[in-house]
Amino acid sequence: MSRIRQFAFKRLFSPAARLYWRLTRPLTAGVRALVRDEEGRILLVRHTYLAGWYLPGGGVDRSETMHQAVRRELQEETGLILHGQARLMGIYANFREFKSDHVALFDIESDAWERGAWAPDREIAEWDFFALDRLPEDVSPGTRRRIGEAVEGAEPDEFW
């Protein structure tokens, strides 16, 4: 992400969003996908507007189930096409920055998806699969915790 774009996001959008969340505290629902490939590597995405690497996912639209949302987000962000239902691992809360987010995390094994067409866009700069011992240094803390819980047997935490 360019320094100018990151600066603009932090200086312009973030304060306005925090004020909105502080005043209205809307309850939001989101999804994330912990996708593994045949080698057990974990799929991570790098956004254009945030530093670091994250599990793919996003918001649940009105009249959309969480399973539909994870399927849509996975295809939009990576081009991966999900077959069947993903396994719900847990629901996590995020109250930072005066938010009231609830995030459903889905586990998706290597035999549950296939590659589709994808190109970098305004939201996702790149994505890749990473071995557990080769995760990028700038993986988000919440992403690192979820990977630890799912793959390494770490104690689950109800907060993202």
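The values are calculated or read from the model by the stated rules, or taken from the named source; none is laboratory data. Quick caveat: nothing in here was measured; it's all calculated off a predicted structure. All Cβ positions, glycine included, derive from the backbone under ideal geometry; neighbour counts span all protein chains shown.
Return the pairs, sorted by first residue and then second, in which the second residue is of a type in the set (Phe, Trp, Tyr), the first residue lies in region 124-153 and is assigned to a helix (DSSP H, G or I), the beta carbons are less than 7 Å apart, and the residues are 6+ apart or on different chains. From residues that are assigned to a helix (DSSP H, G or I), the pairs are GLY142/TRP160; THR143/TRP53; THR143/TYR54.
Among the residues of region 51-71, is there at least one that is buried (at least 18 other Cβ atoms within 10 Å of the Cβ) and in contact with a Pro (Cβ under 8 Å, 6 or more places away or on another chain)? Yes: region 51-71 contains one or more residues that are buried (at least 18 other Cβ atoms within 10 Å of the Cβ) and in contact with a Pro (Cβ under 8 Å, 6 or more places away or on another chain). Based on this model, can you work out whether PHE159 counts as aromatic (Phe, Trp, Tyr), surrounded by fewer than 18 Cβ atoms within 10 Å (Cβ to Cβ), at pLDDT below 95 and at positive phi? Judged against the criteria, PHE159 is not a match. Among the conditions (1) assigned to a strand (DSSP E or B); (2) hydrophobic (A, V, I, L, M, F, W, C); (3) modelled with pLDDT under 95, PHE106 misses just one, which is (3). Any residue at all in region 60-68 that's of a type in the set (Gly, Ala, Ser), more than 22 Å from ASP138 (Cα to Cα) and more than 15 Å from the chain's Cα centre (by Cα)? The answer is yes, given that some residue of region 60-68 is of a type in the set (Gly, Ala, Ser), more than 22 Å from ASP138 (Cα to Cα) and more than 15 Å from the chain's Cα centre (by Cα). Counting only strands (runs of 3 or more DSSP E) that sit wholly inside region 1-94, those with at least 2 residues that are modelled with pLDDT of 95 or more, within 20 Å of LEU132 (Cβ to Cβ) and aliphatic (A, V, I, L, M) are 27-35, 42-47. Once region 145-156 is narrowed to residues that are among the charged types (D, E, K, R) and surrounded by 14 or more Cβ atoms within 10 Å (Cβ to Cβ), the residue that is nearest to the chain's Cα centre (by Cα) is ARG146. Every listed requirement among (1) under 26 Å from GLN85 (Cβ atoms); (2) surrounded by fewer than 13 Cβ atoms within 10 Å (Cβ to Cβ); (3) basic (Lys, Arg); (4) within 17 Å of the chain's Cα centre (by Cα) is met by ARG115 save one, (4).
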